[in-house]
Amino acid sequence: MTQLPTSTQKKLGLVIDLDTCVGCHACVISCKGWNTNEYGAPLSDMDAYGGDPSGTFLNRVHTFEAKAEGCASQTVHFPKSCLHCEDAPCVPVCPTGASYKREEDGIVLVNEDKCMGCGLCAWACPYGARELDQMAGVMKKCTLCVDRIYNENLPEEDRIPSCVRTCPSGARHFGDFADPDSHVSKLVAERGGMDLMPEQGTKPVNKYLPPRPKADVNGTQAPALEAQSEEITGFLGWLDRTLEKI
Amino acid sequence: MTKHHQPQLDTSPVVSDEIRQTTCYMCACRCGINVHIKDGKVKYIEGNRDHPVNKGVLCAKGSAGVMQHYAPSRLRNPMKRVGERGEGKFEDISWEEAFDIAVGLLKPIREKDPKKLAFFTGRDQSQSMTGWWAQNYGTLNYAAHGGFCSVNMAAGGIYTMGGAFWEFGAPDWDRAKLFLIFGVAEDHDSNPIKMGLGKLKANGAKIIAVNPIRTGYNAIADEWVGITPGTDGLFILSLIHELLKAGKVDLNYLIRYTNMPFLVNQVEGSAEYGLFVRDAEGNQLVWDRATSKAVPYETRGTKPAMSGMVEVNGVQCRPAFELLAEKYLTDEYTPEAVEERCGISAARIRSIAADIARVAFDEEITLDIPWTDWKGEKHETMTGRPVAMHAMRGISAHSNGFQTARALHILQILIGSVEVPGGFRFKPPYPKSVEDHPKPHHDVTPGAPLNGPHLGYPRGPEDLCIDEDGKAKRIDKAFTWENPLSAHGMMHMVISNAHAGDPYKIDTLFMYMANMSWNSSMNTSQVMDMLRDKDEDGNYIIPNIIYSDAYSSEMVAFADLILPDTTYLERHDCISLLDRPICEADGLADSIRWPVVEPDRDVRGFQSVLIELGARLGLPAMVNEDGSAKFKDYADYIVNHERRPGVGPLAGWRGKDGKGKGRGEPNPKQLNKYIENGGFWHEQIKPENAFYKPWNKGYQEWAVERGIFDKESPYVFTVYQEIIQKFRLAAEGHGDIQPPEHLRAQVKMAMDPLPFWYEPFEQTLINKDEYPIHALTQRPMAMYHSWGTQNAWLRQIHGRNPLFISGELWAEHGFAEGDWAQVTSPNGTITVPVVLMEALNAKTVWTWNAIGKRKGAWALGEDAPETKEGFLLNHLISELLPAKKDGQRWSNSDPVTGQAAWFDLRVNIKRVGAPADLQTSPTFAPQASPVGKGPKDIAFGEEWK
């Protein structure tokens, strides 16, 4: 068993806007590119060019369809990575103390030196947000780019997670949820930001902004335009009247 | 309980030794990238924040460029074929031998009959250079891949308003309040579209997506219109009907900026019927209501009539606008008349028309920016109609796509939303009138250059590339009566025409970056057979094939000589204003690629190879007077070539002092300047010049200063297109240049000066009950316009492609999870896995395109899912239509432009169980891999731990 800190000074995390995410996978690959090079072991790709390619990713985009009665079916793109939960169930189950939550910012990390790859944390995570790297035998998960956000070798504007920096549609936001005036806190307040599976009691820090309501199969049913006339002669009358005013 | 313990972390690792900034080439978007170099190797790629295209963001392909650069499928040496075509057996050769072979083939052709070389490039981003090379060589048989990509979109836009969507312009993302997007899964402007959609969402704009398939951009739209494929034109014309009927058109805009007031000859049967009435100087005339006289349209202070028959110089004529109104106000285009065919209810069509009108006219934008028009009239403000639109292949890859693209532009123009705030905006060097575009050139002289650029925009039958007997001069039969306005050529017809020897046999097929033996051809299996086919003497019917590619693609296996290209990080390139530049609506820009790392293989950038080949062939523009090579390589050409005096491939830092913008003599330090500036050059357009560009005096003057034009070139939008009418008149028997009898009716039908809708050809020739279903493809965002399959990261996102089946069809056929389907078209049958998708037009099935691969290609294992569960729909599509009643098989393309009508495909489906081997069919014998197979497991980045 590993202890969670009783509280954290900051609650760093992501807001992901499901109304804006087009499912392009830019965040998935940017994350892979940064993180295979940086924190801990590389993110391996087993059978990379073969019949069953299977690599480690810290962030994946899933696509779902949702269809309510009488409505057109909707396609929802759902990016998923570690939610850096306040009551992270992956930490207490760790037998070696490898999984931990940082006191200063709430980021949940794996200390790979201590990780023996038992996979208990992945079993405990209700979101499926951890992946055991098949080559290194250690557990991998989103680090919230802890090696970017404080990185003094990066320009200040780049001290954000790589998925946020790269997102073309601006659907990903990074900030401190402990600060009610932060950009992310305001977004959550304005747009009804949601916890993922709140019934699990994990208190996820990351929030999702729900898709705005969409038009149903009949569209928005705006009232039809008023005809000047059904006949071409009527149209020409309108034309003459209008031209006089120009 | 293990106590909370935090290890010491290095939160400030050094990322790399150096950042080198260049231009991405993972697709046609051409974003700026920061390539992080560690120990002299590529480590990490991110977007360049200063770059005008992507402003720091980067898509999945862009970030995965690392794996493209290291792909095991990279070719390593020049090679010559040793096995049979298609086997993939090669012998490595030296560059010297490769040049000897190429010169040995090409020199005699040039001296004897240059047209026997067909030079076609695929996803070439250097068309101004490859076209220049082909022109100097002297063959008329050159084009890139536009004919099977989206020429309908380009030609429809150029002929209507001097620019199209795509690279020609973009929505005003910052100001639009209503955005309609038609037939777009992904597009060239991939990151700007995503950034723009994000802005629209943040600004609370409404997005309406018209697409049979609800993925990606369509998924986030507020309103999804799951239209029946091929009916977009009908839907758009019905919207126009509603807007006209309600008087919701911008008459002031139409009078000032379009040819809608132009007087059109109404003397039926006359050789000028349907053409504009002109004065002795050739000016088009309008009827001035104030003076009741016909005056040239550019006359200041007139009040042009928009309706009414008048007589001018003894000719009965009417304003074009009246012809338009009459045409679209008929009952043919009422929402009720079109709803069933479009699969959109009449009420919904009315609702969308009302939305457009409301936003365009009730939510008008005014910018307090004074500007002056080309007639010298001053305007205190800029009025915007904040309805923006965008469209792509979904509307254009049909046999009615040209007129549909025109209809969509006309919808935008009628509400006054082109080149205004909140609407659609051109990107320099557009807007550019069709009259300022080149015409096609086709006069071949042995041993000499062609008489001008190959591709262009015909102004009438006299510009067709046909001989005195009306026979096609080009191998692809572009610019003939079958498809008079085929402005991008017709690459998809080259192999079948060359194989048939129709219009003639060729000697050498020379291709670059075009996977013609696989996903870039209609009916892939037949094309492979044509490439392999031999005559009675055992010689290949297409005698010689030279091919350049960076990767071991399917096409490599069919070539006789391989010229291995570099990856995009190892090469020079220029994304030129002479070509398809990277400008945005507010700025002029171009960019370069440069070798951020040197190749570790014996490969060379294709353009440098062309330059050297040109010098060895003694092509005039590529040698000095003493016969020595004029350019050392492509980089040398980029800096020193001048297309016109002072105007060259790159616009930035010209002149000896490096201060020239657009114009100036070559600057030997130009590439260094680009590199110092992050790989690009950009100049912001002043706000007073940023809108109304075709009519804005300030913009026009600036465009001349920058070398975009040599003289100011204002024009009005050609809503009514007289050029098209000229072809119709010919079909009606007027003029000396006449279509062949069998094409007369088609030319007359298709060449309508005002857009109309007609049923896609294929479905008029088949039994629709037998083939009741539409079958489409889309390219996924993570692989659009990309070479993604060999990319270890991207192939994990899209490594297999099921056929997606609508809910209705799923239920009707009793499909269950894990089933497969037999899909049959008039051209063949494929057997493929299926998946249910409800967010899909009820009569439609679709799949991701170009995921399926031939076994042995791309250095993949032979059990790769791309080769087993992946498949191509191409096997079901033919470049020819089913036989007509007279037994003739016509081209499966748009009758105006020749655009390949991929999306006209109709099929039937039959539920079948999964095959025991889970192998899609058809399947083909593996090709040998000249580069072996990729490594088993990889852990990229390990060397830097």
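Every number here is computed from the coordinates shown, using simple stated rules; none is lab data. Here the structure is a predicted model, which is why all the values come from computation and not from measurement. Neighbour counts run over all protein chains shown; Cβ positions are idealised from the backbone, glycine included.
Annotations
- 29 Å Cα-Cα reach of residue B:471 towards lysines, excluding residues that sit fewer than 8 places from it in its own chain: B:107, B:112, B:115, B:116, B:439, B:505, B:534, B:726, B:748, B:884, B:885
- Legend: calculated FRET efficiency, residue A:240 to residue B:602, from the Cβ-Cβ distance at R0 = 56 Å, rounded to 0.05, equals 0.15.
- Estimated dipole of segment B:687-739 in Debye, rounded to 20 [Cβ of Lys and Arg +1, of Asp and Glu -1, Cα centre]: 120
- Segment B:257-305 - Rg (one decimal) and Dmax (whole number), Cα, Å: 11.0, 34
- Fraction of antiparallel bridges per DSSP, segment B:429-573 only, in percent to nearest 5: 25
- Using alpha carbons only, the radius of gyration of chain B set against its Kirkwood radius gives Rg/Rh = 0.95.
- FRET efficiency for residue B:378 and residue B:633, using Cβ-Cβ distance with R0 set to 45 Å, rounded to 0.05: 0.35
- Residue exposure sequence - A:34, B:371 - by fewest surrounding Cβ within 10 Å: B:371, A:34
- Share of pairwise Cα separations in the protein assembly as shown, more than 50 Å, in percent: 25
- Each stretch of four or more DSSP H residues adds -39500 (n - 2.57); spread over every residue of chain B, this sum gives -7000 deg cm²/dmol at 222 nm.
- Taking a point 7 Å from the Cα of residue B:912 along the Cα-to-Cβ direction, none of the residues of segment B:762-785 has its backbone N closer than 14 Å to it.
- Length gained when the stretch residue B:300-residue B:448 is fully extended (0.36 nm per residue, less Cα-Cα span): 48.4 nm
- Rounded D (µm²/s) - segment B:588-664, Kirkwood Rh over Cα pairs, Stokes-Einstein at 25 °C, 0.890 mPa s: 176
- As computed over segment B:164-431, the Cα convex hull volume per residue (Å³): 146
- 5 Å-binned pair-distance histogram of segment B:767-826 (Cα, whole percent): 4, 12, 21, 17, 15, 15, 10, 4, 1
- Using alpha-carbon coordinates, inclination of helix B:127-137 to the longest axis of chain B, degrees: 80
- Relative to one another, the C-alpha centroids of segment A:179-246 and segment A:80-143 are positioned 40 Å apart.
- Stretching residue B:533 away from residue B:842 to a fully extended chain increases their span by 107.1 nm, per 0.36 nm per residue minus the current alpha-carbon distance.
- The fewest-to-most ranking of A:25, A:77 by surrounding Cβ atoms within 10 Å reads A:77, A:25.
- Highest-MSF residue in chain A out of A:187, A:14, A:225 [GNM, Cα springs under 10 Å]: A:225
- Of A:80/B:855; A:140/B:38; B:378/B:661; B:375/B:711; A:214/B:910, pairs whose Cα-Cα distance is over 26 Å: A:80/B:855; B:378/B:661; A:214/B:910
- Segment residue B:813-residue B:270, extension gain: residue separation times 0.36 nm, minus the distance between their alpha carbons: 189.8 nm
- Diffusion of segment A:1-64 by Stokes-Einstein, at 4 °C in a medium of 1.567 mPa s and with Rh set to the Kirkwood radius over alpha-carbon pairs, works out to 87 µm²/s.
- Segment B:139-171-segment B:272-320 distance, computed between alpha-carbon centres (Å): 32
- Antiparallel bridge percentage (DSSP; both residues within the protein assembly as shown; nearest 5): 70
- Angle in degrees between helix A:26-35 and the longest Cα principal axis of chain A, rounded to the nearest 10: 20
- If you bin all the Cα-Cα distances of segment A:57-163 at 10 Å, starting from zero, the percentages per bin are 14, 37, 29, 15, 5, 0.
- Helix B:606-617 and the longest principal axis of the C-alpha atoms of chain B enclose an angle of approximately 90°.
- Computed as a quarter of the hull surface, the mean projected area of the alpha carbon convex hull for chain A stands at 21.6 nm².
- Inter-label distance, nm, simple model (7 Å from Cα along the C-beta direction), residue A:203/residue B:863: 4.8
- For chain B, the antiparallel share of DSSP beta bridges with both residues in that region comes to about 65%.
- For chain A, the 222 nm mean residue ellipticity estimated from helices alone, with every DSSP H stretch of n ≥ 4 adding -39500 (n - 2.57) and the total spread over all residues, rounds to -5000 deg cm²/dmol.
- Taking other C-beta atoms within 10 angstrom as a stand-in for reagent exposure, B:189, B:124, B:373, B:279 fall in the order B:279, B:373, B:124, B:189, fewest first.
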